[in-house]
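Reviewing the structure listed below.
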Amino acid sequence: MLATTIRGQSPRLLALGFAALFGSSAFATAAEITIQDSRGKDIVIASPVQSVAIFPLPIPEALIALDQGTSRLVAINPRAKTALMNGVIGQIFPEIGDIRTDLVAPNFIPNVEEILKAQPDVVLQWQAKGDERVAPMENAGITVATVSTESRETRRGYVAMLGKILGKQDRAQAFLDWEDKTVADIAAVLKAAGRPKPRIVFIDSMNDNEFVVFGREEAYFTASGLANVATEAGFTEGSVKVGAESLLQWKPDIVFVNYYNDAIKPADILQHPVLAGLDAVKNGRVYKTPAIDPATAAGGELAYQWFAEIGYPDLFTQDMRTAVAKGFDFLYGKQLTAAQLDKLMQMDWNGASAGYAEAFGKTQ
């Protein structure tokens, strides 16, 4: 019947019929979008994006928040999966447990062979050490967009980029507007008070008298009115290895312990035989950071506020439990239990830290 009908049509009608046929959704070529990564490189990807692999540790949380789910997140770093599944995010999104981790090593080196098999639409990877982490993928024809968390601008950049990748630009902008307001509100309070900045050290890991600390002045330190003593000492790297004697020389007012490392807790610092002379230790001002990554502009606002509350407890008295509960509802569309709030705020590990139970252990 089709052949008979076509033979009966004029050449003009036949041409129009084929045009309509190939213009239909069944035959149309996929649309494309162009994103710009942290290198300033334009990356062309198919749209709508169906699968994203994310290798940097903090970025999956931003995608999950923007997309309010994990259906398009096909692979993450094994360290990120461990941190997420051990925390509240893993409780409210247990399907994270099914996400692949074999596409990248814990040190961010990609498994090119497995990535080629998985065929994600785009891979997000750290910009740093591109010869090891990015070039092998691009040389194999894999679409890679780089990210950086070295500054507030680069953090905002990857949130905007993710918003475009996912087709959630308006939602990404809402996250950025929230961050703008949080930073501005904190800055206004600190300007009015005119206080010197509390000096802090941020410990990522430790081995007896050897510590890995954050070396550079991270954007969330600046936004929260804190000064990194390692930066004062001349370090600019993301993380540096130092001895206990360096911490004694630097004399930080506050010690933070990274939530990503479950092997270290405030008690390890408070009971450390060499660090007993630090005022921060004597005053109990040692804190495990909340399980809310300050390096992601999707939810980092809550971490900014937490750091400000710790640094200036008499200036900032926001009900952080309520703020976190509302924030998670906005970000993830999930209602938190009291036990989940306790877990996020590290109530168990911070129980002996100065003023923590009073400030964060109950609704103000």
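What to note about this one:
- Evaluation of T236 against the conditions (1) surrounded by fewer than 23 Cβ atoms within 10 Å (Cβ to Cβ); (2) in a helix (DSSP H, G or I) shows that the sole unmet condition is (2).
- Test for E245: is it out of contact with any Lys or Arg (no Cβ under 6 Å at 6 or more places or on another chain) and either within 29 Å of E179 (Cβ to Cβ) or surrounded by 22 or more Cβ atoms within 10 Å (Cβ to Cβ) (or both): no
- Number of the exception - N107 against (1) part of a helix (DSSP H, G or I); (2) free of Cβ contacts under 8 Å to residues at least 40 places away in the same chain; (3) within 30 Å of E179 (Cα to Cα): (1)
- Check on E132, surrounded by fewer than 15 Cβ atoms within 10 Å (Cβ to Cβ), touching a residue at least 12 places away in the same chain (Cβ under 8 Å), over 22 Å from A160 (Cβ atoms) and touching a Leu at 6+ places or on another chain (Cβ under 8 Å): no
- Matching entry among I186, I203 (being of a type outside the set (D, E, K, R), at negative phi, modelled with pLDDT of 95 or more and outside any helix (DSSP H, G or I)): I203
- Screening E245 against (1) at pLDDT 90 or above; (2) in contact with a strand residue (DSSP E or B) (Cβ under 9 Å, 6 or more places away or on another chain) leaves a single unmet condition, (2).
- Unmet criterion (only one of (1) within 19 Å of the chain's Cα centre (by Cα); (2) farther than 30 Å from A105 by Cβ) for P196: (1)
- Which numbered condition D67 misses (of (1) over 25 Å from D329 (Cα atoms); (2) surrounded by 13 or more Cβ atoms within 10 Å (Cβ to Cβ); (3) charged (D, E, K, R)): (1)
- G299 on the phi > 0 side of the Ramachandran plot and either without any contact (Cβ under 8 Å) to a residue 24 or more places away in the chain or not assigned by TED's automatic domain parsing to the domain that holds L57 (or both): yes
- Helices (runs of 4 or more DSSP H) fully within segment 255-364 that include at least 2 residues being of a type in the set (D, E) and touching a Lys or Arg at 6+ places or on another chain (Cβ under 9 Å): none found.
- Close pairs from segment 302-327: first at negative phi, partner acidic (D, E) and surrounded by fewer than 23 Cβ atoms within 10 Å (Cβ to Cβ), Cβ under 7 Å, at least 6 apart: F316/E309; Q318/E309; M320/E309
The values are calculated or read from the model by the stated rules, or taken from the named source; none is laboratory data. Remember, it's a predicted structure, so these values are computed and weren't measured experimentally. Don't worry about glycine lacking a Cβ; one is built from the backbone with ideal geometry, like all the others, and counts go over all protein chains shown.
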